[in-house]
Structure formats: C-alpha cells, structure tokens
Amino acid sequence: MLTVFRGADIYTMDDVNTILRNADLWVSNGKVVKVGIDTDIPSDAKIEHAEGCVITPGLIDIHTHVGIWGEITEKINDACEYSTPYTPMMRAIDGINPRHFSFELARRGGVTTVQTGTGSANPIGGVWTILKTGGSSLQEMIIVEKSGLKGALGENPKNVFGQSNKAPFTRMAVAHLIRQGFQQALSLSASERHESLENQTELAPFIEVLEGKMPLHLHCHRADDIATAIRIAKEFNVKLCLEHCTEGHLMLEAIKECGANVTLGPFMLPATKYETRHLTPEAPKLFHEAGIPFAIMTDHPFIPINYLVLCAAEAVKYGLEEVVALRSITSQAAKLAGIHDRIGSLEPGKDADFVIWSHHPFHTRSNMLGAFINGKRMDGSFASRYESR
Amino acid sequence: MVITAIKNAHVFNHDIGGFSKQTVLIEDEKITAVLSPFENIPEDHLIDAAGFYLTPGFIDTCSQIGLKEIGIRWEGNDGYEPNEEQNSELQVIDGIYPFDNAFKDAAASGVTAAHIVSAPESVVGAKTAVIHTYGKTVDEMILHKHLGISFSMGDIPKHAYWEKTKSPLTRMGIAQKIRTALKQLQHANKLKGIPIFIRSHRADDIATAVRIAEEFKLPISLIHATEYPVVTRSPVDQPLSVIAGPCFQPIERGELQHLDPTLYSVLFEQGVPFTFATDHPVSSVTHLQLEGALALKAGVPEKIILNGLTRDAAKLLRIDQQTGSIQQGLFADLVLWNKHPLELTARAVRTFIKGKEVYREE
C-alpha cells in the first residue's frame, strides 16, 4: 500500500541537506520510497494532504533516560543501580518500561528514536539501548540492543558513593574503576575471552568495547574529566562518546584531535552543581566552528524529551546555523549512533520515521501535527490525555 | 544631564499590543519622552536601533534568583528555613547575593526585575520582595522591599517536613498551618492590604487555596497553578490572579505530570489574569522569554503575553509606578531585541536598567 504525503516543504536532511518545497513523500511498507517534486502519483495510492506544512525526519535524541528513569511512576528510579559503583552487567532493556508515559511525551515532541539507559551515579553503569519511541513491543521498538557501555566521571559518582562513605571517594578511584574492566579483559587468553563472551560474564561488555562492537559512553562535565575520558579511551584504543562535554568549549583542540563522538547538553538547565558552572548555550556554535560534529541531547527527564526541538532552537539563538542544529537532532545524531543506514534522513530505503509540523520546527508558532514511525501515525495528543483523566 | 535617544526601533505599544517606530529618550535613570520618529530631539548620545525591537525589561513574577545561587549547592542556597513558626518574620532581601552569576544571565536575557519568593519547601515563606536584576547591594536593587507573604502547598513541603522532622505532614495539616499563620497576621494587624501568594500545583490544592482566600476574604495570587485547567468549579468572590508555570522544567513529580503550556491558553480563555515566571533555578531565568513563546504556541495573543511579561507583571507586583511600561517618568528598564521577542531564536542585544546599559551582546 503506497501512501503519498503531498505538498509539504520536506527537509530531507540528506548529505547535502536538500530542502524540497511543495514536495511529495512516498511511503510504502514502513519505508520511504521516493521524495520529490511533482511526482507521478499512481491512481491507487492513498493521498494525505500536507500542503503548507513542513516535514522533517523523526527527531533523534541519543542521550536520554526515557522509559527507564521511571519518573513519577517509580519511587526509586530504574536507571541508577546504586547498590555498587561497578555494574557492567546492567542492561537497559531489563529496565525499560515501554508503557512509560515518557515514550508518549517523546512522540508528542516529534522524537521517534532515543538512546536510553543507565544514569551517571556509577563509574561503570551498564549497557545502553537505542530504540524507537513507538511500537507494539520492546522487541519491535529496538534498533540496537547493545549500543554502548556507559560510565561516569566527576561529581556524580563522588556524590552518590563518596558522600555515603563508600569508594570511590576521588576522581582517581573513579578512573581506576573504569580501567579495571578493560585491564582484566585484556589479560584473558583467547579461549577465556571466548568463554567470557559465550557466558556473558562481567567482562563481556568490556571485550565487546575492545573489539569495536560498541562504544564507551563516558559522562563528563568538567575539563579534567573530559581529558580523563580521552586518556582512558586512548590507553585501550576504544571508540569513545563524550556525554555532556559541558566544559568542552574550553578545550576544543584536544577533543577534535581525539576524534571522539560528542553529545552536548542539557544546556537549557541552570547550572545546579559546581561541575556545570561553565555551562553555555553557545557550546554547539563553538563546537561547530571548531569542526567537531555533535548531537544535542535533552538528557530526559532533566529536560523533558518533548522539548528536544527547543534545545536545538536554543543553539540557533546562540549562533549555530539552523541546518546544523536540525542535523544535530536528526541525521548527525543518527550518524554518531551508527544507525544512519536506517534513520535520520528522508531518502528512499530509509525507515519512514518523520514528523509533520505546522511551521518550521524552530518557529514559535510551530506545532507538531503528526509523528510517524515505520510509516504509521502515532497518536497521543495532549487533548486526549486530558480527556482520559 | 546626559540624554540618550533610542531611535528607529520597533517600540512595543502596550495598548495595541504591536510594535511601531518611536523614539525613546532617557535622562539619567528615567524615560523622559516617547516621541514620534520624525520629531527633532536634543541628544548627547544616539542609539540607532533600526531593525531592532524595544520592550520594557521583562519581569519574572516568581524567582529565587540570588537566593539560591547557580553553580553551587548548599553553600549558596538560602531559600528554605525549616522553622515554620517564625517564617513570616523573615525577609528574602536578607538572603540575596547580588554577584550570583544568574543576575548576569538575567540581564543578558532581557529580564530586568524579579519577584523573589522563598523556596517551596516551607509552608510559610518569608516576606517577598521585588528587585532589579542589577546592583552591588540588594538595597540598591530593591523595587519593593516587603511585597507580600508566600505560602506553599503540596508534595514538596510534605516531603521536606518529613525529611526534617521524621513526622508526617498532611494536606490537611498544610491548610491548618496556612490558616494559623494568617490568623496570627490578622491578629497583629499585619494582613491588611498585603498580597498573598500561594504555591500550588494540584487541582485540590488550588481549590483549598481558593477556599482559604474566601474564608479570610483575601485576594490571592496562585503561583504555578499547574492543574488549573482541570479545576472545574468557577471560584471566587475574591479576586484571583495566577503567576503561571514555569512550563519548561523537568517533570519528575506526580504534581507536574499534566504540566503543559495549554495552561496559558486555558487561563486566557477563562479570563483569569496571569503573568509569567521561571521560579529560577527551577527553570533558568534565561527562559522567561521562552515561557512567553510557549504561550504563543498554545494560542495566547501576543498582546496578552507581552503585557504579562511587562506592564501586567508590574501591576501585580505593585511596581507599575516605577517600571514595566515604556512611559515617561518610569525607570528606563529597557531591552533591545534582534528579532520579535517572542521568536524562539530572538536574543536581547542591549539591556538597560535605570538607564544604565547592563548588557550588550558582543
């Protein structure tokens, strides 16, 4: 069954950022079939009128705790395993509640894919997952089940453990805990390594990172923590994703040189702690000028996931080019997460994940008119939520 | 005396709700004239603001700026005093640090005045104050030293009370604490003409706040009023106004689950006077403008929003004889914006407080 969305301005977010005015989007079997102007629409195609609207790819946030934090529904969150600081066996998929309202919030904000998982209390927290924000089951929603090993540097581990009189107390011990798993994994013989992967022991996630099967995500705000993350990744020659990177604008050369992925944010919160006191919404502009690609995050629930688009608009307000801002929550986010073969742009063969807006999404009066995942319209408007009370 | 003229800007007209080309004259701390663009004017210092938008400085009608500093934890937090009994004798101006970096953010975001309300943790709050967002001592920042008394309802004071005392506090208990405090104030003859501000989110708390207001025959302002859209009874014999939001904040408590910018459109449709707030650092003071943009997105007319951020906020806070409008005789608290100020990507480029330039975009 072919459906054609007709007459919208389509921001394809392909490699040259093609914008097609008054264009048609062809969708069939959950995939984009064609994007073009004045297309020859077959007579049996279903036509959806989108004249005067704007269509973008579904938005992507690659640093969230959607569905796992359990805000409001859980008294104790399901994202931080506070029992011990070293928890490589934690897997996001064991904590994600696909019925949690944050998925609906995501869809309302046009966010169709998120990376989600453990928080930042633990130097080694667990394995993250990338999934779509709609679907009939967790299995159906998942894009990458094991999308990286998450760890954390800086104040949070010190605060959660050190302040409760448990190790680690210092940044030195936090770094040591992160290194430990890699060192042990490297000391295994070939057969021990095989066995470890087979049985999914505590060292398996480290082996998978060492073998390049998934990256290492490190939460870091302060410049020294960012430098430590880079140092550790170099020591073990692993792919690094710098998460938050709040003081990164003070050390852009080092970040550029190391080639790590960068996800910036949340820069719309006031600095609530010492390590974020140099937070600035100019960071995206400064990274872009330095030639460092990045994605923009909400870190949901810290900024509600439905406001991802406002975070990108804020970066524009502070000097970032509009198209770069839109890329940072669509195609660039997909590239950094290694899922660009499926999502992030509207091109033939890609998943039909897209959003229809009343105006350009950075325009004040813009409202989300429909979010589509695999070609299927998602519901969950605010009106229906109020009526259901 | 130096006369500064801001020429050629699109100047906000409070009555029409739109912008038109005017010239604004500033002498010393005050606005001395608003003139048509064609009049010849004596000036010592000319600011050609062609293409820019000029509004009064925005007024944050509920904030903890300076009281709860950013970039630091307990050391800079002076918003919550657990000893309930004496709280209405406390005053927020004794806790404000003028060198909190958030004041720089405020000036850079076009916010020139703020109503300082103590933290929501204690049921009975300190005496509130209205201050400019620039100055070296709080005394020189004051616009209204003792504006009113604030109270707080719902899960935050419940939780805080449990943390401090390990004994429970119920919604019934909160209501009684508010009544007791009001009776004491009444007794001491300290309630007359004093505005009452009540932080409340849930529909039942809003209803209780309104009930108490009627018992004491007091006009009240609700702060937050998150679930106002589901309050069905038409309240009040007593005048009610709402310091709404902020809508842009983490939704981590059950009381906030239904927080949405449609709050603004419902208040507008029901004819309830309302103003905007960040409750900084709940949302950042930098996002007061964003609250206005969210209201526009929800369908509130531009005139209501821009007045809610300026003149109507000043009226609510009883400082409209000093600031809040572009009008002769008022403080020159003014902001030049690079675009229409309700655009998501609009920025303040120059901010003036009492005629002094306190921010200029580099």
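Report the per residue volume, in Å³, of the convex hull enclosing the C-alpha atoms of region B:1-158.
It is 149 Å³ per residue.
Along Cα→Cβ, 7 Å out, is where each label goes; now give me the distance between the ones at residue A:322 and residue A:257 in nm to one decimal.
3.8 nm
Could you work out, for region A:2-49, what percent of all Cα-Cα pairs fall into each 10 Å distance bin, beginning at 0 Å and stopping at the bin that holds the largest distance?
That works out to 29, 56, 15, 1, in percent per bin.
Per-residue HN-Hα couplings for region A:141-154, Karplus 6.51 cos²θ - 1.76 cosθ + 1.60 at θ = phi - 60°, whole Hz, x for Gly and Pro?
Values, residue by residue: 6, 5, 9, 10, 5, 10, 9, x, 8, 9, x, 9, 10, x Hz.
Distance between the C-alpha centers of region A:98-152 and region B:27-64? Whole Å please.
Taking the Cα centre of each part, region A:98-152 and region B:27-64 sit 49 Å apart.
When a footprinting reagent is the concern and you count Cβ atoms within 10 Å, what order do B:53, A:86 take, fewest first?
A:86, B:53
Hey, for a label at residue A:74 modelled as a point 7 Å past Cα toward Cβ, could you say which residues of region A:137-178 have their backbone N under 20 Å away?
A:137-152, A:156-157, A:160-161
Quick one: net charge of residue A:229's neighbours, Cβ under 13 Å, K/R +1, D/E -1?
Overall, the nearby charge balance is +2.
Where does the protein assembly as shown land at 222 nm, in deg cm²/dmol rounded to the nearest 500, when only DSSP H runs of n ≥ 4 count, each adding -39500 (n - 2.57), divided by all residues? Walk me through the intermediate numbers first.
Values: 22 runs with 192 residues, N = 751.
Result for the protein assembly as shown, helices only: -7000 deg cm²/dmol.
Output the antiparallel fraction of DSSP beta bridges having both residues in region A:58-345, as a percent to the nearest 5.
Approximately 30 percent, going by the DSSP bridge assignments.
Rounded, prolate or oblate: which fits region B:57-316 when a ≥ b ≥ c are the square roots of the eigenvalues of the alpha-carbon gyration tensor, with rounded for a/c under 1.5 and prolate only if a/b beats b/c?
rounded
Tell me which residues come under 5 Å, amide H to amide H, from residue A:81 once H is placed; ignore anything under 5 positions away on its chain.
So residue A:81 has HN proximity to A:119.
With springs connecting C-alpha atoms under 10 Å apart, model chain B as a Gaussian network and identify which of B:106, B:313, B:181 has the largest mean-square fluctuation.
Sorting by GNM fluctuation, first place goes to B:181.
Could I have the simple spin-label model distance between residue A:165 and residue A:89, label points 7 Å from Cα toward Cβ, reported in nm to one decimal?
Rounded to a tenth, the inter-label distance reads 2.8 nm.
Rounded to the nearest 5, what is the percent of antiparallel bridges among the DSSP beta bridges in chain B? Before the final figure, lay out the partial values.
Values: 35 of 63 bridges.
Taking every DSSP beta bridge within chain B, about 55 percent pair in antiparallel fashion.
Going by Cα centres, region B:163-191 and region B:135-149 are how many Å apart?
About 26 Å separates the Cα centre of region B:163-191 from the one of region B:135-149.
On the first, second and third principal axes, largest extent first, how far apart are the outermost C-alpha atoms of region B:77-161 in Å?
Computed over the Cα atoms, the extents are 36, 22, 17 Å.
Tell me the net charge near residue A:277. Cut-off is 13 Å between Cβ atoms, residue A:277 excluded, with +1 for each Lys or Arg and -1 for each Asp or Glu.
Values: positive: A:222, A:273, B:73, B:104; negative: A:155, A:247, A:275, B:69, B:75, B:100, B:105.
Result for the local shell: -3.
Can you tell me the FRET efficiency between residue B:74 and residue A:224 if r is taken as the Cβ-Cβ distance and R0 is 30 Å, rounded to the nearest 0.05?
0.80
Please list, by residue number, every one of the GluC sites (Glu not before Pro) in region A:1-107 that is coil in DSSP and has at most 14 other beta-carbon atoms within 10 Å.
Answer in residue order: A:51, A:74.
Can you give me the relative contact order of region A:252-389 as a percent, contacts being Cα pairs under 8 Å and 6 or more apart?
16 percent
Let a ≥ b ≥ c be the square roots of the eigenvalues of the Cα gyration tensor of region A:58-345; is it rounded (a/c under 1.5), or, if not, prolate (a/b larger than b/c) or oblate? Kindly include the intermediate steps, with their values, before the conclusion.
Details: a/c = 1.40, a/b = 1.20, b/c = 1.17.
Rounded, since a/c falls under 1.5.
For the protein assembly as shown, rounded, prolate or oblate, judged on the Cα gyration tensor with a ≥ b ≥ c (square roots of eigenvalues), a/c < 1.5 rounded, else prolate if a/b > b/c?
Working: a/c = 1.65, a/b = 1.35, b/c = 1.22.
Here the protein assembly as shown falls in the prolate category.
Hey, can you grab everything whose amide H is under 5 Å from the amide H of residue B:220? Only 5+ residues off in sequence or another chain; H modelled, so Pro and N-termini drop out.
So residue B:220 has HN proximity to B:241.
Suppose a student asked you for the relative contact order of region B:1-91, using Cα pairs under 8 Å spaced at least 6 residues apart; what percent would you report?
27 percent
Using a Förster distance of 22 angstrom, determine the FRET efficiency expected from the C-beta separation of residue B:144 and residue B:94, and round it to 0.05.
0.90
Taking only C-alpha pairs under 8 Å that are 6+ residues apart, what is the relative contact order of region B:158-312 in percent?
For region B:158-312, the relative contact order is 15 percent.
Whole-Hz Karplus ³J(HN,Hα) for region A:280-290, in order, using 6.51 cos²θ - 1.76 cosθ + 1.60 and θ = phi - 60°, x for Gly and Pro?
Using θ = phi - 60°, the values come out as 8, x, 7, 3, x, 4, 5, 5, 5, 4, 7 Hz.
Just to be sure I understand the model, the point goes 7 Å from the Cα along the line to the Cβ. What's the resulting residue B:184 to residue B:28 distance in nm?
4.3 nm
Please list, in chain and number order, the residues 5+ apart from residue A:151 or on another chain whose amide H is under 5 Å from its amide H, with Hs placed from the backbone.
The list, which skips near neighbours in sequence, is A:125, A:217, A:218, A:219.
Each reported figure results from applying straightforward, stated rules to the coordinates on display, with no laboratory input. What you see is a predicted model, and the numbers here were worked out from it, not measured in a lab. Virtual Cβ from ideal backbone geometry, glycine too; neighbours counted across all protein chains shown.
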